[in-house]
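Peer 1: The structure under discussion is supplied below as structure tokens; questions concerning it will follow.
The values are calculated or read from the model by the stated rules, or taken from the named source; none is laboratory data. All of these numbers come straight from a predicted model, not from anything done at the bench. All Cβ positions, glycine included, derive from the backbone under ideal geometry; neighbour counts span all protein chains shown. Accessible surface areas use protein heavy atoms only, side chains included; no ligands, DNA or RNA. Shrake-Rupley method; radii C 1.70, N 1.55, O 1.52, S 1.80 Å.
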Amino acid sequence: MKIAVFSTKPYDQEYFEKYSSNNDYSFSFFETALNKTTANLSEGFDVICAFVNDKVDKDTIEVLANNGIRLIAMRCAGFNNVDIQSAKDHQIKVVRVPAYSPEAVAEHSVALIMTLNRKTHKAYNRVREGNFSLKNLIGFNLHGKVVGVIGTGQIGIAFCKIMKGFGCRLLAYDIAEAEALIEMGVEYLPLEEVLQQADIISLHCPLNQSTKHMINKASLKQMKAGVMIINTSRGALINTSDAIEGLTQKKIGYLGIDVYEQEENLFFEDLSESIIQDDDILRLNSFPNVLITSHQAYFTKEAMDQITVITLNNIRAFEKEEPLENEVV
Ligand code: NAI
């Protein structure tokens, strides 16, 4: 099997090499993202392996199909960037890693909450500069606060368990309720009521037609003034310009995002010496109550192990014509 891995960073290569030393797969690691222009690099390969910001749209898939690609192995859970119908039309199978470490993402969501709330990032810099003042560092107790969880799948469940430990009251909205959470005392309510009551709202649902821009001018209106919004799911769940307006008007008290609507041109790269052309991210970065991380919620050793092992298992099952348990259909 010849496998072309796109959007490769040194750590991706390190993990693939760690787990593939005793199989006969031949990997080529491309730093470039996959899109209709770079798709031609797939010539001579059987499988392509792609990540969250690769553009696996209709045009890209046509090129992949012409080059004889038979499997798209996503090394991530989300597949909103893949045109599944086009893949089907070209008899290309799509597999993914549905769950590799829900705890990794849930724990990062909590890291965003804790940092925004207790301002440890600011305290760290202050103290290192000999500034021991507490001015503007005041936080709030999480104990007793109402946390609204939108999407209670694997990550949402892991997140609820942690927040329960803090002594928060948990409200949830999902199109399918999780029995385990109800038993834990999580209250499922209509979305509007969750938005109205929550002090902290954390997004854990996938990006699709029904969830795109679910945080917008209208939904912000329903929320408490000073609400904390956390998004470790997908950037386009939030309408960025509406969020900027919400921050300007002080409706949003804190915004913690690990994902961003236009992240494909920014995230995972060192642009510290570049002139960033994206005015929205610059504006977001200018707010003292906004914390942005660069899609790193998944990035733990345990998650990288799982992503690599499951991706290789997916490819192996395809090669042996076994049932594809992680196929996206
Ligand atoms: P999951 O499939 O286990 O859970 C998703 C939940 O969202 C399900 O319970 C589903 O019923 C619910 N849902 C679907 N449509 C909804 C809607 N319209 N309104 C409310 N809920 C809805 O997925 P998992 O593993 O919990 O992941 C959630 C998302 O997290 C992924 O789709 C992905 O976008 C994101 N993610 C982000 C990572 C990061 O590094 N920042 C890493 C991994 C996943």
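Peer 1: If you check Leu220 against the conditions, is it in a loop (DSSP other than H, G, I, E, B) and within 26 Å of Lys251 (Cα to Cα)?
Peer 2: Values: in a loop (DSSP other than H, G, I, E, B): no; within 26 Å of Lys251 (Cα to Cα): yes.
Taking the combined requirement at face value, the residue does not satisfy it.
Peer 1: Quick check on the range 43-69: of everything there that is among the small types (Gly, Ala, Ser) and buried (at least 18 other Cβ atoms within 10 Å of the Cβ), which residue is nearest to Gln13 (Cα to Cα)?
Peer 2: Kept after step one, since they are among the small types (Gly, Ala, Ser), are these residues of the range 43-69: 44, 50, 65, 68.
From what is left, the residues that are buried (at least 18 other Cβ atoms within 10 Å of the Cβ) are 50, 65.
Details: Ala50: 13, Ala65: 25 Å.
By that ranking, first place goes to Ala50.
Peer 1: Just to verify a result, which residue in the range 194-208, among those that are of a type in the set (S, T, N, Q) and more than 9 Å from the ligand (Cβ to nearest atom), is nearest to Ile230 (Cα to Cα)?
Peer 2: Initially, the range 194-208 is screened for residues of a type in the set (S, T, N, Q), giving 196-197, 202, 208.
Still in the running and more than 9 Å from the ligand (Cβ to nearest atom): 196-197, 202.
Details: Gln196: 16, Gln197: 15, Ser202: 5 Å.
Looking at the filtered set, the residue picked out is Ser202.
Peer 1: In the range 129-184, which residue that is outside any loop (DSSP other than H, G, I, E, B) and small (Gly, Ala, Ser) is nearest to Gln196 (Cα to Cα)?
Peer 2: First pass over the range 129-184, keeping only residues outside any loop (DSSP other than H, G, I, E, B): 146-150, 154-165, 169-173, 179-183.
Now narrow it down to the ones that are small (Gly, Ala, Ser): 148, 156, 158, 165, 172, 180.
Details: Gly148: 9, Gly156: 19, Ala158: 23, Gly165: 23, Ala172: 12, Ala180: 24 Å.
In this case the residue turns out to be Gly148.
The rows are residues; the columns are (1) assigned to a helix (DSSP H, G or I); (2) over 23 Å from Glu264 (Cβ atoms); (3) at pLDDT 95 or above.
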| position | (1), (2), (3) |
| --- | --- |
| Tyr298 | no, no, yes |
| Asp305 | yes, yes, yes |
| Phe318 | yes, yes, yes |
| Pro323 | no, yes, yes |
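Peer 1: Quick one: which of Asn81, Asn141, Asn117 is closer than 24 Å to Pro288 by Cβ and surrounded by 16 or more Cβ atoms within 10 Å (Cβ to Cβ)?
Peer 2: On the way: Asn81 fails: closer than 24 Å to Pro288 by Cβ; Asn141 fails: surrounded by 16 or more Cβ atoms within 10 Å (Cβ to Cβ).
After applying the criteria, what remains is Asn117.
Peer 1: Could you give me the residue pairs with C-beta distances under 8 Å whose first residue belongs to the range 240-260 and is β-branched (Val, Ile, Thr), whose second residue is open to solvent by 20 Å² or more (accessible area, probe 1.4 Å) and part of a strand (DSSP E or B) wherever it lies, and which are 6+ apart or on separate chains?
Peer 2: Cβ pairs passing all conditions: Ile257/Leu291; Ile257/Ile292.
Peer 1: Any residue in the range 275-288 that is within 16 Å of the ligand (Cβ to nearest atom), modelled with pLDDT of 95 or more, open to solvent by less than 10 Å² (accessible area, probe 1.4 Å) and within 20 Å of the chain's Cα centre (by Cα)? Outline the logic, then answer.
Peer 2: Just the residues of the range 275-288 that are within 16 Å of the ligand (Cβ to nearest atom), to begin with: none.
No: zero hits.
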